[in-house]
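Inspection log for the structure reproduced underneath, given as structure tokens.
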Amino acid sequence: MRVYLPTTLPGLAAAYKAGELGPGTGSGSGPLDAFAVTPALREWYVSDDIEELEYAALSRAAQGSLRLLAADPQAARRRVVIAVDVPEGAAAADPDRGLDTSSLGAVRIARPVPFAKVAAVHLDADDAEADVAAAAAALGAADLGDDDAQFTVDGAEDHELLWYATQEVPNLVGGNG
């Protein structure tokens, strides 16, 4: 099963250095929060196109990365999503959240995941930094219903995340470890 883990460049560097994604490696403590193609996500998007659904899960993870950036003003203003392959059943959706739109595609992974299971890293290009910085700064106001702030947050989504092979991770985290 493919899951998408939101993180930051320092989080990616910590996971790479530790050799695993899990508590204490830049992803917080406790279970890993991630996004995947869940039954609720399928139902919400009313699609059978797996590529479209995986893109939706990736987009949800990018929003999660933006939240992590808002909480870490020292991190480079680039959203980071790690695509990882885990065994079926390793990622579980919270059944109590049902079709709560804020949790569509949300899953939790209870155990650390070896970095060797990383399929790819998705990262904003350098030219997205200004929009991502503005979006991270506006996130709190957007959450409170400010339409102008929401417009600023949505501006970050205008930038497509770039795809990087796992072999490229050392170059990505060079100055962030």
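The values are calculated or read from the model by the stated rules, or taken from the named source; none is laboratory data. Computed from a prediction, not measured in an experiment: that's the story for all the values here. No Cβ is skipped: glycine too gets one built from the backbone with ideal geometry, and neighbour counts run over all protein chains shown. Surface areas here come from the heavy atoms of the whole protein model, side chains and all, with no ligands, DNA or RNA. Shrake-Rupley method; radii C 1.70, N 1.55, O 1.52, S 1.80 Å.
One table, with the values for the structure above:
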item: Selection from region 131-177 of residues that are under 26 Å from TYR16 (Cα atoms), open to solvent by 40 Å² or more (accessible area, probe 1.4 Å) and among the aliphatic types (A, V, I, L, M); result: LEU162
item: ALA40 among the aliphatic types (A, V, I, L, M) and either modelled with pLDDT of 90 or more or open to solvent by less than 80 Å² (accessible area, probe 1.4 Å) (or both); result: yes
item: Close pairs (9 angstrom Cβ cut-off, 6 or more residues apart or separate chains): over 25 Å from ALA56 (Cβ atoms) and open to solvent by less than 60 Å² (accessible area, probe 1.4 Å) in region 1-24, part of a strand (DSSP E or B) and not hydrophobic (A, V, I, L, M, F, W, C) anywhere; result: ALA14/THR7; GLY19/PRO114
item: Meets criteria (closer than 22 Å to GLN150 by Cβ and either over 11 Å from the mean Cα position of the chain (by Cα) or modelled with pLDDT of 95 or more (or both)) for ASP49; result: no
item: Residue list for region 107-124, filter: out of contact with any Asp or Glu (no Cβ under 7 Å at 6 or more places or on another chain) and either modelled with pLDDT under 85 or open to solvent by less than 60 Å² (accessible area, probe 1.4 Å) (or both); result: VAL107, ILE109, VAL118, ALA120, VAL121, HIS122, LEU123, ASP124
item: Boolean, LEU104 is closer than 17 Å to LEU69 by Cα, crowded, with 20+ Cβ neighbours inside 10 Å and touching a residue at least 40 places away in the same chain (Cβ under 8 Å); result: no
